[in-house]
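A short write-up of the structure that comes next.
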Amino acid sequence: MKQKKNLISVLLLLFFSSWASAQNIPVKLNVDAGRQIATVTKLFNGSNIEDLNNQTNGGIFSQLLHGEAFEENIDIDFLNLDKADYSKIYVVLDERRIPHLITQTDIYHRIPWNNLTEKYDFNSKDIYDAKPFKHPRVISGWKFPGRFLVFDSLPAPIQKVMLERINGNEQISKYWSKMLLGSPQYNYELVHDGEAYIGRQTQTICFKGGSGEVGLTNHGLYRMGIRFDKGKSYDGILRIKSDSPETVYISLRDEKGTVIAEEPYSLKGDGSYERVQFKLVPDADVTRGSFGISLKKPGKIELGFAFLQPGEWGRVKGYPIRKMFVDVLKKQGIAAFRYNGSMVDVGADTYLYRWKKNDRPD
């Protein structure tokens, strides 16, 4: 009965408000600021957060690496994009291993990704038949009529570079960089064999012969560099596979690539993704550093996942949450977060979402 009365009151309020509006009669609302009718707990002062504009990845989440699952295809440096547009374009493959460009400026334009077991990203029919945008999107001078800029429409020099990159000996995932010392023979390959640790792609490093060092470096969010504090520990986990015993070197480096922390780790080489847990302590303060994985003698490794975070000193109660961010938020009086749900059916990495694996970084 009480609910019915409340409903009638609401309907009457709406009716008279609409009537007053139609009659152009001013509506007056009186507020008595001196009258308190309730008390709200301080814990009610919170904030909304979601994986948008790097609020989580690159923000409060403790992961310091970007492109940690090696899922992105080759870099697109040859497009000469403005810095602000670097994250908006990626290379994808069709079933013929023909590369195309895809834009992330409109992830709500749904497109069907293939199953994880497939050795390519999209079927060529889905690429060429993709629904066009209402208005073309221009990104650093590149005009996208829809989500894709197809290979056939690209200038011949760009086509040549793309084919060389995806078929040559320097197939390197977008957010990682080649690291070579000495005079080694080497091969980097992005493998689509249905056996990736996460997603559909694995990054391999092969030191074929000669002497020196062969590896990869990661420079953090959009290659902007990683801050390291001297004398403080940094923890991490790698998932690496090899078919024979190998020694892999894990390092932290400064802006010039000089090693500021490094440790060797032995792999059994039994063909499984081994879990390598590491701790590194830099001997210098660095603001634009990088993280390195390398081999110093001939061998081959397959990289499935990489995770790097500050030690306990830089996290909240051991959780993968960056303390420096939380401290600033607490100063603003924010005591709680509401973490939004995610629309996992529209992103470029939809197939990576596995809710049962969301309990730890490895």
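Got a sec? Which strands (runs of 3 or more DSSP E) wholly within the stretch 161-229 have at least 1 residues that are under 15 Å from Gly299 (Cα atoms)?
Details: elements: 176-191, 202-218, 226-228.
Per the criteria, 176-191, 202-218.
Residues checked against (1) within 29 Å of Ala196 (Cβ to Cβ); (2) at pLDDT 55 or above; (3) surrounded by 12 or more Cβ atoms within 10 Å (Cβ to Cβ):
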position: Gly299; (1), (2), (3): yes, yes, yes
position: Arg322; (1), (2), (3): yes, yes, yes
position: Phe325; (1), (2), (3): no, yes, yes
position: Gly333; (1), (2), (3): no, yes, no
position: Asn340; (1), (2), (3): yes, yes, yes
position: Gly347; (1), (2), (3): yes, no, yes
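Would you pick out the residues in the stretch 226-248 that are surrounded by fewer than 18 Cβ atoms within 10 Å (Cβ to Cβ), closer than 23 Å to Ala196 by Cβ and more than 22 Å from the chain's Cα centre (by Cα)?
Residues satisfying the conditions are Asp243, Ser244, Pro245.
Restricting to the stretch 249-296, what's the tally of residues that are farther than 21 Å from Gln63 by Cα and surrounded by 18 or more Cβ atoms within 10 Å (Cβ to Cβ)?
Total meeting the criteria: 3.
Go through the stretch 138-165 residue by residue and tally those that are within 22 Å of the chain's Cα centre (by Cα) and surrounded by fewer than 17 Cβ atoms within 10 Å (Cβ to Cβ).
1
Considering the stretch 187-214 alone, what residues qualify as being at positive phi and under 25 Å from the mean Cα position of the chain (by Cα)?
Passing the criteria: Gly194, Gly199.
Determine whether the stretch 263-279 contains at least one residue that is under 23 Å from Tyr90 (Cα atoms), in contact (Cβ under 8 Å) with a residue 60 or more places away in the chain and within 23 Å of the chain's Cα centre (by Cα).
Within the stretch 263-279, the first condition is being under 23 Å from Tyr90 (Cα atoms), and the residues that meet it are none.
So far as the stretch 263-279 goes, no, none of its residues is under 23 Å from Tyr90 (Cα atoms), in contact (Cβ under 8 Å) with a residue 60 or more places away in the chain and within 23 Å of the chain's Cα centre (by Cα).
Scan the stretch 91-140 for residues that are part of a strand (DSSP E or B), touching a Pro at 6+ places or on another chain (Cβ under 7 Å) and either farther than 22 Å from Ile172 by Cα or at pLDDT below 90 (or both) and report the count.
3
Which condition number does Arg223 fail, the rest of (1) more than 20 Å from Glu263 (Cα to Cα); (2) surrounded by 18 or more Cβ atoms within 10 Å (Cβ to Cβ); (3) charged (D, E, K, R); (4) touching a Lys or Arg at 6+ places or on another chain (Cβ under 9 Å) being met?
Going through the list (1) more than 20 Å from Glu263 (Cα to Cα); (2) surrounded by 18 or more Cβ atoms within 10 Å (Cβ to Cβ); (3) charged (D, E, K, R); (4) touching a Lys or Arg at 6+ places or on another chain (Cβ under 9 Å), Arg223 breaks only (4).
For the stretch 191-207, enumerate the residues that are modelled with pLDDT of 95 or more and of a type outside the set (Val, Ile, Thr).
Within the stretch 191-207, Gln203, Cys206, Phe207 qualify.
Considering Ser290, Ser251, which residue is touching a residue at least 60 places away in the same chain (Cβ under 8 Å) and closer than 16 Å to Asn218 by Cβ?
On the way: Ser251 fails: touching a residue at least 60 places away in the same chain (Cβ under 8 Å).
None of the others qualify; the one that does is Ser290.
The values are calculated or read from the model by the stated rules, or taken from the named source; none is laboratory data. On a predicted model such as this, the values are computed, not experimentally measured, just so you know. Don't worry about glycine lacking a Cβ; one is built from the backbone with ideal geometry, like all the others, and counts go over all protein chains shown.
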